[in-house]
Each structure stands twice: as structure tokens, then as C-alpha cells.
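Data first, discussion second: the structure below is written as C-alpha cells.
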Amino acid sequence: MAPPRSDIEYAEPFRKAFEEIRTGLDRAVEEFNKIVEQVKDWAWLLGGAALWWIKSNLDAVRDGLQKIMDRARYAFDHELPVLSLITTSFTWVDQVKGPVSELSFTTTEPRDQNLAKWTGDTALSYRDKAAKQKAAVDETVAKAEFISQWLFKIAQANIDYAVELAKVVTGLAGKLIQAGVAATTVIDIPWAIDTLAESIGDLIEDGLNNLLTVGERFVAALGDVRDLATQVGDHSKLPGGRWPEAVRG
């Protein structure tokens with residue numbers, strides 16, 4: 001039976017966000033360049049003061065666009081590692097926690113029912129070793145679950161970041177498209193670009209604040225590495241970091 005969830009299910013929003021970022025940035029740059037060309041076409045009618053005002057606003061738009069592109073470039077550089085985090089998180093569940101957890105019952109279930117009649121030192125020794133084996137199994141299951149959760153928490157923070165960045169990029173492209181449509185005549189150009197600069201400034205400020213909040217959650221997730229080290233370093237039920245011996249040779 002297939003598992004009820006998979007890494008593909010969680011990776012899809014991440015991939016979709018990156019596709020939106022790529023197409024959105026391409027469209028934003030294209031629309032910005034179109035607006036610049038429109039201004040150049042009408043420059044001979046605009047006059048010095050108007051051109052200075054337009055250039056100032058376009059510079060503000062360009063700076064905002066560059067800020068988002070810088071963050072997108074950083075996100076692109078880390079796209080594949082995040083997908084690997086998601087895959088590895090599920091690997092710990094599917095290939096470690098699941099199979100090992102099935103041993104929990106097996107370690108204490110005698111293969112021969114006659115073992116239930118054992119008494120004396122032999123019986124005590126058997127039960128002691130069986131209990132240690134079960135404890136080791138259960139501890140391994142708990143560690144696998146903790147590691148999986150820790151990896152996924154970091155991956156989820158990255159997914160949230162990509163989704164939020166995609167929203168900013170999509171909004172940015174939309175504002176530029178609107179401005180390009182509005183700036184079709186020499187009379188409309190100053191108004192359209194002034195409106196564009198103001199709306200994009202607000203959009204980017206809000207977007208960067210939201211990205212900062214998501215980034216803080218990512219840092220908090222990384223901060224839990226101490227808890228991870230504690231889990232991995234706890235050998236109370238796995239003496240020496242190894243499986244407890246059932247038979248000493």
C-alpha cells in the first residue's frame with residue numbers, strides 16, 4: 001500500500017513557487033524595459049523637470065526590482081538542497097522509522113511458546129536482553145521521527161519563503177504591467193510612473209517584511225540543532241552508539 005503522503009506532495013508547492021518566481025521576474029524585467037522605452041519615445045515632449053521626476057521614480061522601481069532579484073537569485077542557489085531536505089525527511093520515516101518500528105513487538109515475542117515456561121537465571125537473562133532490544137528499537141524509532149521532523153521543519157521554512165517570494169514577484173510583475181498599459185500617452189506617463197513607484201515601494205516593503213519573518217522562523221529551526229545533537233548523542237539505550245548485543249561471543 002502506498003504511503004498516505006509523500007515528499008512529492010510537499011515538494012510540489014515549492015517547485016510551483018519557483019516556476020512563478022522565474023516567469024514573474026522575466027515578465028517584470030520585460031515590462032520595466034518597455035516602460036523605459038516608452039519614456040524614451042516621448043522624451044522630446046516631456047521637458048527637463050518631468051524627465052528628472054520620471055527618472056527618479058524609475059530608479060526607485062529599478063532598485064526595488066533589483067532587491068527582489070537578489071533574493072530570488074539566492075533562493076535559486078538553494079533550490080535543490082531544499083528538495084533534498086524534503087526527500088531525506090521522508091526517507092527517515094519510510095526507510096528507518098517504519099521498518100524498525102515493526103521490530104518492537106518482535107523483540108519481545110518468543111518464537112517458541114515454550115520459552116514462556118522458562119525459569120531461573122536463563123529466563124531472567126533472556127527477558128533482560130529482550131527488554132534492552134525493545135528499548136533500543138523504540139529509541140531508534142523516536143530518533144528517526146525527531147530527525148525527520150527537524151529536517152522537514154527546515155524544509156517547510158524554505159517552502160514558506162519561496163511561496164512568499166513568489167507572491168511578491170507576481171505582484172511586482174502585475175504592477176509593472178498596469179503601469180505599461182497606463183503610460184501609453186505623454187500626458188499619462190508621469191502619473192503612471194509616479195503611481196508605479198509608490199505602489200511597488202509599498203509592495204516590496206511589505207514583501208520584504210514578510211520574508212524577514214519567514215527567515216526568522218528558518219533561523220529558529222536551525223537553532224534547534226542543539227536538540228538534534230542531544231537526541232543523536234543520547235546513547236542511554238544504545239550503548240556506545242551501537243545496538244545492544246543479544247549474545248556475547
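The values are calculated or read from the model by the stated rules, or taken from the named source; none is laboratory data. Everything numeric here is computed off the predicted structure, so don't read it as measured data. Here Cβ is always computed from backbone atoms with ideal geometry, including for glycine, and neighbour counts include all displayed protein chains. To get the accessible areas, we keep the full protein, side chains included, count just its heavy atoms, and leave off ligands, DNA and RNA. Shrake-Rupley method; radii C 1.70, N 1.55, O 1.52, S 1.80 Å.
Going by the conditions given, is residue 46 within 14 Å of the chain's Cα centre (by Cα) and at pLDDT below 85?
It is false that residue 46 is within 14 Å of the chain's Cα centre (by Cα) and at pLDDT below 85.
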Of (1) open to solvent by 30 Å² or more (accessible area, probe 1.4 Å); (2) out of contact with any Phe, Trp or Tyr (no Cβ under 8 Å at 6 or more places or on another chain); (3) touching a residue at least 12 places away in the same chain (Cβ under 8 Å), residue 141 fails just (1)
The number of residues in region 34-63 that are farther than 14 Å from residue 196 by Cα and of a type outside the set (A, V, I, L, M) is 9
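Conditions tested, residue by residue: (1) surrounded by 11 or more Cβ atoms within 10 Å (Cβ to Cβ); (2) of a type in the set (A, V, I, L, M); (3) modelled with pLDDT under 75.
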position	(1), (2), (3)
73	no, no, no
88	yes, no, no
124	yes, yes, yes
149	yes, no, no
Note on region 190-221: residues among the aliphatic types (A, V, I, L, M) and exposed (fewer than 13 other Cβ atoms within 10 Å of the Cβ) are 212, 219, 220
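Is it true that residue 53 is among the hydrophobic types (A, V, I, L, M, F, W, C), out of contact with any helix residue (DSSP H, G or I) (no Cβ under 9 Å at 6 or more places or on another chain), part of a helix (DSSP H, G or I) and open to solvent by 30 Å² or more (accessible area, probe 1.4 Å)? Can you show your working first?
On the way: among the hydrophobic types (A, V, I, L, M, F, W, C): yes; out of contact with any helix residue (DSSP H, G or I) (no Cβ under 9 Å at 6 or more places or on another chain): no; part of a helix (DSSP H, G or I): yes; open to solvent by 30 Å² or more (accessible area, probe 1.4 Å): yes.
No; evaluated as a whole, the condition is false for this residue.
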Only one of 186, 163 is more than 14 Å from residue 61 (Cα to Cα) and not in a helix (DSSP H, G or I), namely 186
